[in-house]
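Trainee: Have a look at this one before I ask anything.
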Amino acid sequence: MSDVLEIFGKKIQSGNKIIRNHWAVNARNKQEWCVLVRNQMRLKKVVKAKENEKYTLMIISYRKRLLDKDNLYTGCKSLLDACVIEDLIWDDNPDCIDLKVQQYKSTEEHTMIIRKK
């Protein structure tokens, strides 16, 4: 059983860009991810995670330019925080999720989140 959330028009930023952003810009970015994740969860009727429930979380970034792997993982921080806030996952520590991140070249930029039990 897996839940698939597709977020169009929003891509994962590079970790290098996030490091250089003002803290308020990063906070706004996390709020945007929260709204997008919440809307997808409501639309697809995704059940909220229960306490200490473990999931495999795969984040797939479709983008015009590919990133280094470390920049891709670092760029997922705001999205992971949003997933915790919106209860898609209980926590982002290794006891609660097995995180996998992939990226593919695409003309349309979007992000896909797949949660598996």
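Trainee: Roughly how many debye, to the nearest 20, is the charge dipole of the chain about its Cα centre, given +1 on each Lys and Arg Cβ, -1 on each Asp and Glu Cβ, and no other charges?
Mentor: Around 420 debye, computed over the chain.
Trainee: Hey, another quick one. What number, rounded to the nearest 500 deg cm²/dmol, is the helix-based mean residue ellipticity at 222 nm of the chain, given -39500 (n - 2.57) per DSSP H run of at least four residues and division by all its residues?
Mentor: On the way: 4 runs with 43 residues, N = 117.
Dividing the helical sum by the residues of the chain leaves -11000 deg cm²/dmol.
Trainee: Given the options Thr107, Ser14, Ile60, identify the residue whose Cα lies farthest towards the positive end of the charge dipole of the chain (+1 on Cβ of Lys, Arg; -1 on Cβ of Asp, Glu).
Mentor: Thr107
Trainee: Still on this structure, please answer the following. For the chain, what is the accessible area per residue in Å², given a 1.4 Å probe and the full set of protein chains?
Mentor: Spelled out: the 1.4 Å probe surface of the chain, per residue, equals 60 Å².
Trainee: Give the Rg (one decimal place) followed by the Dmax (whole number) of the chain, computed from C-alpha coordinates and expressed in Å.
Mentor: Spelled out, the Cα radius of gyration and Dmax of the chain are 13.4, 39 Å.
The values are calculated or read from the model by the stated rules, or taken from the named source; none is laboratory data. Here the structure is a predicted model, which means the values were calculated and not measured. Methodologically, a virtual Cβ is constructed for each residue, glycine included, from the backbone with ideal geometry; neighbour enumeration extends over all protein chains shown. Heavy atoms of the whole protein, side chains included, go into the accessibility calculation; ligands, DNA and RNA do not. Shrake-Rupley method; radii C 1.70, N 1.55, O 1.52, S 1.80 Å.
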